Protein chains: 2
Amino acid sequence: MTEVASPAAIRRARERGEAGGATRERNEREILAAAEKIFAAHGYRGASVQAIAEAAGLPKSNVLYYVGSKRGLYVRLLERMMARWNALLDDISVDDDPAEVLEAFIRSKMALSRRHPEGSRLFAAEILAGAPFLQEYLSGELRGWVEERARIFRQWAERGLMDPVEPVWLIFLIWSATQHYADFEAQVLGITGKGELSDADVEQITAFLTRVILKGCGVTPREA
Amino acid sequence: MTEVASPAAIRRARERGEAGGATRERNEREILAAAEKIFAAHGYRGASVQAIAEAAGLPKSNVLYYVGSKRGLYVRLLERMMARWNALLDDISVDDDPAEVLEAFIRSKMALSRRHPEGSRLFAAEILAGAPFLQEYLSGELRGWVEERARIFRQWAERGLMDPVEPVWLIFLIWSATQHYADFEAQVLGITGKGELSDADVEQITAFLTRVILKGCGVTPREA
DNA sequence: AAACAACCTGACCAGATGGTCAACAAGCTC
DNA sequence: GAGCTTGTTGACCATCTGGTCAGGTTGTTT
């Protein structure tokens, strides 16, 4: 039984928690970045391992040597993106200031869309396809998170800190408005005529969204 | 006598004695509907003529007989969607009531997303892919339309009818918020736990968006 | 330098891809 | 029913698909 480089060997290595060689790390990073771009643009079916390999500057066989399979690569990217997402979902409490929380929410979501546009689009493509890989996450973890926030939003409304709007629609509004600048980047750039959005543009948009949404929900920034 | 899964639709048509042009019309309609669904879910690359044919209940050859090529079919669908889009872009003037115009804008866009969710997702997939077929439309026709509206919004702001927000971001906000319920339907359903959004749900969402956005922009409905 | 693991890749495979085509069936007009 | 248009479809083609594999090179450890 020859123990040549094989998926099994890789799995063993990873399970052993070996601080992967520098080569492996570099190549995997390259492959993940390339794959995120291709999957984001063409969806799971539309992406080809060949195209990913070319974008990563490697032969197809080499890509498969590292990632095992197209499906595994896709799942891994999805998980990475969900991890980024979860990272910014800090807890809030009824005693927090609604204005602060909502602004932080908008800002962090906007930053995520900006820092990882390909990841955002990857997520969008997955949802467009009917969320075949994420159904569980959506109706489980994420749903719980939304309900938790919704409860707090309702309490704020009861205390007169904001209008009694349906919190779930509010969360969707913030998600969609921020996600838009990653997912529909091509449209945004085409219409504005810009080659790309500058930091200043993004700051302006963030300020606009914060202003409109907070005011629209009757949330007034706390006085100093 | 073909014994293979003969499309029920065609047999029905034949039995009813529907003639010539009617057959073409019926089959094309069936094909376009099936193709819209498949392209919407998997994007241009990810969609296969085979899958479209199966969804339409026809042999692949027959589909190609009617539509010529995959590319042609895709372009045709895109054009049909742009036509629907253009149909609701009526002109507005500075003398119109901002509240009425914005509400009508939100409502009609929401209705479009609801009436043609597959078309909306098809559009989204095209933009995700970098808008290879729509670049011209975006930076031409659509851009002009946005600028025209923007001019009027600014005039309203000057007249004190609304806050001086950047009109382009406002338009994007409305687009994204409404588009969301078509494009991210799988997410919305997963999180809300519903099987589908009822008319009442949609009405509630529309009312929410209208309320928040109008208030957020300092637009007050005109007094009677 | 020997041994061994990690890394690399061209050749190959079965199946799917978009598209063509020849042959035939069904309808319509005269 | 002849003649023509339209509709229908299985067989076929070159190319691409995800994935395997044998056999090689490189790097590290002893």
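For B:ASP91, inter-copy separations between label points set 7 Å beyond Cα along the Cβ vector come to 5.9 nm, shortest first.
Legend: calculated FRET efficiency, B:SER61 to B:ASP163, from the Cβ-Cβ distance at R0 = 60 Å, rounded to 0.05, equals 0.55.
Pairs over the 19 Å Cα-Cα cut-off, from the set A:LYS37/A:LYS60; A:LYS109/B:LYS194; B:LYS194/B:LYS215; A:LYS60/B:LYS60: A:LYS109/B:LYS194; B:LYS194/B:LYS215; A:LYS60/B:LYS60. Taking θ as phi - 60° and the Karplus parameters 6.51, -1.76 and 1.60, the scalar couplings of segment A:139-152 work out to 8, x, 3, 5, 4, x, 4, 4, 4, 4, 4, 4, 4, 5 Hz in sequence order, x denoting glycine and proline. Inter-copy label distances for A:ARG151: 5.3 nm (label point placed 7 Å from Cα along Cα→Cβ; shortest first).
Measuring nothing but alpha carbons in chain B and taking Rh as the Kirkwood radius, the Rg to Rh ratio lands at 1.06. Of the trypsin sites (Lys or Arg not before Pro) found in segment A:186-224, those in coil by DSSP whose Cβ has at most 12 other Cβ atoms within 10 Å are A:LYS194, A:ARG222.
Considering only B:GLU166, B:GLU185, B:GLU103, the mean-square fluctuation computed in a Gaussian network model of chain B, springs between alpha carbons under 10 angstrom, is largest for B:GLU166.
The fraction of Cα-Cα pairs per 20 angstrom bin, counted from 0 for the protein assembly as shown, comes to 22, 51, 24, 3, 0 percent, rounded to whole percents. Sorted from closest to farthest, the other copies place their B:LYS194 label points 3.4 nm away, with each point set 7 Å from Cα along Cα→Cβ.
Among B:VAL168, B:VAL63, which comes first, second and so on when ranked by fewest other beta-carbon atoms within 10 Å?
Values: B:VAL168 19, B:VAL63 25.
The most exposed by this proxy come first: B:VAL168, B:VAL63.
Gain on full extension, evaluated as 0.36 nm per residue between A:SER69 and A:SER108 minus their Cα-Cα distance, stands at 10.8 nm. Over the residues of chain A, the helix contribution to mean residue ellipticity at 222 nm works out to -22500 deg cm²/dmol, using -39500 (n - 2.57) for each DSSP H run of at least 4. Computed from the C-beta positions of B:GLN50 and A:GLU203, the FRET efficiency with R₀ = 51 Å rounds to 0.60.
Each Cα pair under 8 Å and six or more residues apart adds its sequence gap; the mean of these over the residue count of chain B is a relative contact order of 22 percent.
Show log10 I(q)/I(0) for segment A:121-200 at q = 0.15, 0.23, 0.26 Å⁻¹, two decimals, from a solvent-free Debye sum over equal Cα scatterers. Log10 of I(q)/I(0), two decimals: -0.75, -1.05, -1.18. Phi-derived couplings, Karplus 6.51 cos²θ - 1.76 cosθ + 1.60 at θ = phi - 60°, listed residue by residue for segment A:123-133: 4, 4, 4, 4, 5, 4, 6, x, 6, x, 9 Hz, with x used for Gly and Pro.
For chain B, the residue among B:PHE133, B:GLY57, B:PHE208 whose Cα projects farthest onto the positive side of the dipole built from Cβ charges is B:GLY57. Extents of segment A:108-161, largest first, come to 39, 26, 14 Å (Cα atoms, principal axes, whole angstrom). Loop-located chymotrypsin sites (Phe, Trp or Tyr not before Pro) in segment B:49-151 (DSSP state other than H, G, I, E, B) with a sparse environment of at most 13 neighbouring Cβ atoms within 10 Å are absent. Computed from Cα atoms alone, the Kirkwood hydrodynamic radius reported for segment A:62-126 is 13.8 Å. Computed extension length for A:GLU196-A:ALA33: 56.7 nm, one decimal, from 0.36 nm per residue of separation with the Cα-Cα distance subtracted.
Read-outs: derived from the displayed coordinates by stated rules, not from any lab. As the structure is a prediction and not an experimental result, all values here were calculated from the model. Note: ideal-geometry Cβ built from the backbone for every residue, glycine included; neighbour counts use all protein chains shown.
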